[in-house]
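Data first, discussion second: the structure below is written as structure tokens.
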Amino acid sequence: MSYFMTDLSGTSVEEPDEAMMRTILDGLADADDEHPDVSLTHENGWSLSAFPSGELLWLLWENLDEPDAPPRQLSGVSKDEVLRLFGLLAAGDTAEIERLAGS
């Protein structure tokens, strides 16, 4: 397994395709204080979590394998852009996300 997504209920889905990523992301419509986000995590340790923020989304970009690396945020992101970034991360291509997150 090279990547997985975690849905709103905490269930992991191994290597989802774009349609499943969209379904999981659409689940944010039911987010609450206990279940606030969905995420995609690559085997290289990088994780991108999406949280609802009005009509747009707020993202948390972090490397779970490097606790000293500070997490970064992206705000005001469209669902289509999140899906594009999830696709990049699924492929292990972190450069564009790093650029957007202001590394």
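The values are calculated or read from the model by the stated rules, or taken from the named source; none is laboratory data. Computed from a predicted structure; not experimentally measured. Here the Cβ is made from the backbone with ideal geometry for all residues, glycine too, and neighbour counts use every protein chain on show. Side chains are part of the model used for accessible areas, which takes the heavy atoms of the whole protein and leaves out ligands, DNA and RNA. Shrake-Rupley method; radii C 1.70, N 1.55, O 1.52, S 1.80 Å.
Structure above, values below:
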{"quantity": "Residues satisfying the stated conditions in segment 45-58, i.e. open to solvent by 60 Å² or more (accessible area, probe 1.4 Å) and assigned to a loop (DSSP other than H, G, I, E, B)", "calculated": "Gly54, Glu55"}
{"quantity": "From the options Gly76, Gly45, residue that is on the phi > 0 side of the Ramachandran plot and touching an Asp or Glu at 6+ places or on another chain (Cβ under 8 Å)", "calculated": "Gly45"}
{"quantity": "Every pair of residues 6+ apart whose Cβ atoms lie under 6 Å, when the first sits in segment 16-42 and is part of a helix (DSSP H, G or I) while the second is among the acidic types (Asp, Glu)", "calculated": "Ile24/Asp7; Gly27/Asp7"}
{"quantity": "Residue under evaluation Ser39, criteria (1) of a type in the set (Ser, Thr, Tyr); (2) exposed (fewer than 11 other Cβ atoms within 10 Å of the Cβ); (3) within 13 Å of the chain's Cα centre (by Cα), criterion not met", "calculated": "(2)"}
{"quantity": "Qualifying residue in segment 16-23 (condition: open to solvent by less than 30 Å² (accessible area, probe 1.4 Å) and more than 17 Å from Ser78 (Cβ to Cβ))", "calculated": "yes"}
